[in-house]
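Peer 1: Pasting a structure below so you can have a look.
The values are calculated or read from the model by the stated rules, or taken from the named source; none is laboratory data. Keep in mind the model is a prediction, meaning the values are calculated, not measured. All Cβ positions, glycine included, derive from the backbone under ideal geometry; neighbour counts span all protein chains shown. Side chains included, ligands, DNA and RNA excluded: accessible areas come from the protein's heavy atoms. Shrake-Rupley method; radii C 1.70, N 1.55, O 1.52, S 1.80 Å.
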Amino acid sequence: MPCLCVALDGTRVAMINLAGMEVVDVSVHGALDYNPKATLHAMGVNPSAGGCDSLIWLPEQALLAGQVVRVTLLEACEQPDRGRTMEELFPDDEPCTQTDFTIDDAMAAQLRARPQLHQAFAVQASTSQGQQAAAVSDPRNTSFTFGVVWDFTGPDKARVRLTTHCLDDVLARRAGSAHLEAMLALGDSASFVLTA
């Protein structure tokens, strides 16, 4: 079964065995009102008897400008890392009982009131097939997401996206601006760097 290998500045930080998984998402999120400006996260959903479990390999790891994240879709897994549940990562936290994640007017007002913590961002993404994209912040692009998503319906491929968006996009459930959309095959990789 294939796996996703996540490396940070050339050092492996997660080897994710995709056997038995429904979906796995390796992503970098960032925004002008986030601190740190960018974080790396890797999680997936594993169906289990009577439900499904979320497994986390990288829980919100801060990224610095210049660090390179590379995600490679490999044909086979050597020494995979074990994903952990929320309960394992945060044993002292109460289980979440919230089921409605709709953003109401009060929550939207709180989000709009968040202070801007950074003047700007600049990001770059590329694939091993030569596709490249860059994006910078502006009034309509105040946050970004780079993601590599694998799902069981296409076990030998993974989707890559780099998007920018603003709070209005999020509140309206719009996708924002796509800067890179690509598909990885076995052996391919995608890279991301926060340049500023």
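Peer 1: Take Ala178 and decide whether it is in a strand (DSSP E or B) and either open to solvent by less than 30 Å² (accessible area, probe 1.4 Å) or farther than 25 Å from Asp33 by Cβ (or both).
Peer 2: no
Peer 1: Look through Pro47, Pro2 and report the one residue that is over 17 Å from the mean Cα position of the chain (by Cα), within 21 Å of Pro155 (Cβ to Cβ) and open to solvent by less than 50 Å² (accessible area, probe 1.4 Å).
Peer 2: Pro2
Peer 1: Here is a follow-up. Just a yes or no: is a residue in segment 152-164 more than 25 Å from Val13 (Cα to Cα) and among the hydroxyl-bearing types (Ser, Thr, Tyr)?
Peer 2: Looking for residues that are more than 25 Å from Val13 (Cα to Cα) and among the hydroxyl-bearing types (Ser, Thr, Tyr), one finds at least one in segment 152-164, hence yes.
Peer 1: Further question: Hey, among the residues in segment 61-70 that are aliphatic (A, V, I, L, M) and out of contact with any Phe, Trp or Tyr (no Cβ under 8 Å at 6 or more places or on another chain), which one's most open to solvent (accessible area, probe 1.4 Å)?
Peer 2: Leu64
Conditions (1) part of a strand (DSSP E or B); (2) more than 19 Å from Ala42 (Cα to Cα), marked per residue:
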{"residue": "Glu94", "(1), (2)": "no, yes"}
{"residue": "Thr99", "(1), (2)": "no, yes"}
{"residue": "Ala106", "(1), (2)": "no, yes"}
{"residue": "Pro115", "(1), (2)": "no, yes"}
{"residue": "His118", "(1), (2)": "no, yes"}
{"residue": "Ala135", "(1), (2)": "yes, yes"}
{"residue": "Gly147", "(1), (2)": "yes, no"}
{"residue": "Arg161", "(1), (2)": "yes, no"}
{"residue": "Arg174", "(1), (2)": "no, yes"}
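Peer 1: As an exercise: evaluate Gln110 against (1) in a helix (DSSP H, G or I); (2) open to solvent by less than 70 Å² (accessible area, probe 1.4 Å) and give the number of the one condition it does not meet.
Peer 2: Going through the list (1) in a helix (DSSP H, G or I); (2) open to solvent by less than 70 Å² (accessible area, probe 1.4 Å), Gln110 breaks only (2).
Peer 1: Any idea how many residues of segment 143-191 are over 15 Å from the mean Cα position of the chain (by Cα) and acidic (Asp, Glu)?
Peer 2: 4
Peer 1: Could you list, in sequence order, all residues of segment 72-92 that are free of Cβ contacts under 8 Å to residues at least 60 places away in the same chain, in a loop (DSSP other than H, G, I, E, B) and open to solvent by less than 100 Å² (accessible area, probe 1.4 Å)?
Peer 2: Filtering segment 72-92 for residues free of Cβ contacts under 8 Å to residues at least 60 places away in the same chain gives 82, 84-92.
From the residues that got through so far, the ones that are in a loop (DSSP other than H, G, I, E, B) too are 82, 85, 90-92.
Result: Thr85, Phe90, Pro91.
Peer 1: Just checking, how many residues over segment 139-173 are in contact (Cβ under 8 Å) with a residue 60 or more places away in the chain and not hydrophobic (A, V, I, L, M, F, W, C)?
Peer 2: Adding up the residues that qualify gives 8.
Peer 1: Just a yes or no: is a residue in segment 74-82 of a type in the set (A, V, I, L, M, F, W, C), under 18 Å from the mean Cα position of the chain (by Cα) and at pLDDT 90 or above? First the steps, then the outcome.
Peer 2: Restricting attention to segment 74-82, the residues satisfying the condition of being of a type in the set (A, V, I, L, M, F, W, C) are 74, 76-77.
Narrowing the set further to residues that are under 18 Å from the mean Cα position of the chain (by Cα) leaves none.
No: segment 74-82 contains no residue that is of a type in the set (A, V, I, L, M, F, W, C), under 18 Å from the mean Cα position of the chain (by Cα) and at pLDDT 90 or above.
Peer 1: Right, next: Could you say which residue among Thr142, Thr163 is open to solvent by less than 60 Å² (accessible area, probe 1.4 Å) and touching a Gly at 6+ places or on another chain (Cβ under 8 Å)?
Peer 2: Details: Thr142 fails: touching a Gly at 6+ places or on another chain (Cβ under 8 Å).
Sole residue among the options that is open to solvent by less than 60 Å² (accessible area, probe 1.4 Å) and touching a Gly at 6+ places or on another chain (Cβ under 8 Å): Thr163.
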